[in-house]
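See structure below.
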Amino acid sequence: MYQRTVFITGGAGFIGSHVVRLFVNKYPNYKIVNLDALTYAGNLENLKDVEDKPNYVFEKIDIVDAAAVNELFKKYQPDGVIHLAAESHVDRSIHSPLDFVYTNVIGTVNLLNAAKDLWLGTTHPSGGTWEQARFHHVSTDEVYGSLGETGFFTEATPYDPHSPYSASKAASDHFVKAYADTYGLPIVITNCSNNYGPNHFPEKLIPLMIHNIIHNKPLPVYGDGKNTRDWLYVIDHARAIDLVFHKGRNGEKYNVGGFNEWKNIDLVKLLCKLMDEKLGRPAGTSEQLITFVKDRPGHDLRYAIDATKIHKELGWSPSVTFEEGLSQTIDWFLNNQEWLNHVTSGEYQQYYKKQYNLDAPK
Ligand code: NAD
Ligand code: TYD
């Protein structure tokens, strides 16, 4: 008999897989159910090391399908939801905004409805109320828009999203807050800065650059390369989610970030330098691959998170420096080139079929 049942949506993705791993290992008394549609970004190879644990279950589900979502809530009666499933890449959102509306907005509302019906409309299987129930919505700092050269995003910064991705995440944040204010649904929201680390899908800046440096391909830097992001090691994000899910105040939002800003061009040059060292190439070799390309439309200039609230209230701070995290990340990609090759060849999408003896995702 498990103490709790926690749904983690998007658990086959980059950040979700680290959250699943942390929870499955740290909480053997919880049943962890990973809900994931296995889109192009979902990769069950990320979870090879936990897939046989007795407290882990995988359910292939599209959260846009309300009936399927309701069915799973009836089946498992979770008292916790950590919601990460999303379309997550800004460039894709520019080309296919509706996909972002479906998953990020409608998918989130489907989960909120199912949680509301269960927690506010039924008695707990033990006969009492759903005392521990909590819906943790995992969001991004991109909902706040773009900063100038100075200043930070705090939890009080007004929302001002610019890309279809950030607009869809902002809408989902508003729906989560609305369900708390209107129905009394127990919720918390975290807004995190850019993550990096093992299992990062190589369409995003850091893993794309690592991949291209390994294969001597051009390193496309958008615009003048002066756009700035605040980078956090993915395992530190997972630790923050654990803390806020268990100890965050009901109805509150918490910003998560590493006080670690880098202009894109400086970060790409640092990656080139570290990769040359690790690959034993002469200094300056990889930098020659840098290619400035057409800027992303609506490209936000700068993100920077003020993480004082989560630090002061919950004692969270990053556990690794950027130098350590980046070095570990590069080592991981160099030691897991099979993972990278499977992702770039599409073979990772066959893993599900082999492992579960079912049809591979389309
Ligand atoms: P990801 O793209 O790597 O993974 C998303 C996962 O969601 C995949 O496994 C995918 O299969 C699944 N998914 C997509 N659509 C689905 C659907 N309709 N039904 C069920 N599952 C679906 O994303 P990520 O980078 O790991 O981000 C996870 C969450 O964290 C997202 O909500 C994102 O907005 C947020 N976030 C990401 C970052 C970042 O730097 N990557 C920073 C802050 C917040
Ligand atoms: P990305 O990893 O897509 O994250 P986000 O857009 O959500 O912040 O991009 C990080 C930064 O790197 C962003 O300013 C866009 C830039 N970028 C490039 O310059 N070249 C690339 O090939 C990619 C993917 C991103």
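Packing order of peptides 209-217, 340-348, 195-203, highest average first: 195-203, 209-217, 340-348 (average count of other Cβ atoms within 10 Å over each peptide's residues). Excluding ligands, DNA and RNA, the accessible surface per residue across the chain is 42 Å² with a 1.4 Å probe. Considering only Cα atoms, the convex hull volume of the stretch 152-209 works out to 130 Å³ per residue. For the chain, modelled as a GNM whose springs connect Cα atoms under 10 angstrom apart, the maximal fluctuation among Lys253, Lys31, Lys74 occurs at Lys74. For the chain, the extents of the C-alpha atoms along the principal axes are 68, 48, 38 Å, listed from largest to smallest. Would you look at the GNM of the chain, springs on alpha carbons closer than 10 Å, and say which of Tyr303, Tyr159, Tyr183 moves the most? Top of the fluctuation ranking is Tyr183. Close amide-amide hydrogen proximity is noted between Glu252 and Ile189, each under 5 Å apart and 5 or more residues distant or on a separate chain (H modeled in the peptide plane; Pro and chain starts excluded). Measuring between their Cα centroids, the stretch 326-352 and the stretch 2-62 lie 19 Å from each other. For the stretch 261-322, just say rounded, prolate or oblate: build the C-alpha gyration tensor, square-root its eigenvalues into a ≥ b ≥ c, call rounded for a/c under 1.5, and beyond that prolate if a/b exceeds b/c, oblate if not. Oblate shape, in that a/c is at least 1.5 and b/c is the bigger or equal ratio. Within the stretch 246-287, what residues put their amide N at less than 17 Å from the label point 7 Å along the Cα-to-Cβ vector of Glu155? Under 17 Å, as judged by backbone N against the label point of Glu155, lie 246-258 of the stretch 246-287. Measuring r between the beta carbons of Ala283 and Thr344 and using R0 = 25 Å, the FRET efficiency lands at 0.35.
Please compute the Kirkwood hydrodynamic radius of the stretch 253-362 from all pairs of different C-alpha atoms, in Å with one decimal.
About 17.9 Å, per the Kirkwood formula over Cα pairs.
Report the residue, chosen from Val105, Val320, Val268, that carries the largest GNM mean-square fluctuation when the chain is represented by alpha-carbon nodes joined by springs under 10 Å. Between Val105, Val320, Val268, it is Val320 that shows the largest mean-square fluctuation. Between the stretch 103-127 and the stretch 216-291, how many Å separate their Cα centres? The stretch 103-127 and the stretch 216-291 have Cα centres spaced 35 Å from each other.
Relative contact order for the stretch 117-249: 25 percent, from Cα pairs under 8 Å spaced at least 6 residues apart, divided by residue count. Just the protein heavy atoms count here, and of the accessible area of the chain at 1.4 Å, carbon and sulfur take up 52 percent.
The values are calculated or read from the model by the stated rules, or taken from the named source; none is laboratory data. From a predicted model like this one, the values you see are computed outputs, not experimental measurements. Please note: Cβ atoms are built from the backbone with ideal geometry, for glycine as well, and neighbour counts cover all protein chains shown. Surface accessibility is based on the protein's heavy atoms, side chains included, excluding ligands, DNA and RNA. Shrake-Rupley method; radii C 1.70, N 1.55, O 1.52, S 1.80 Å.
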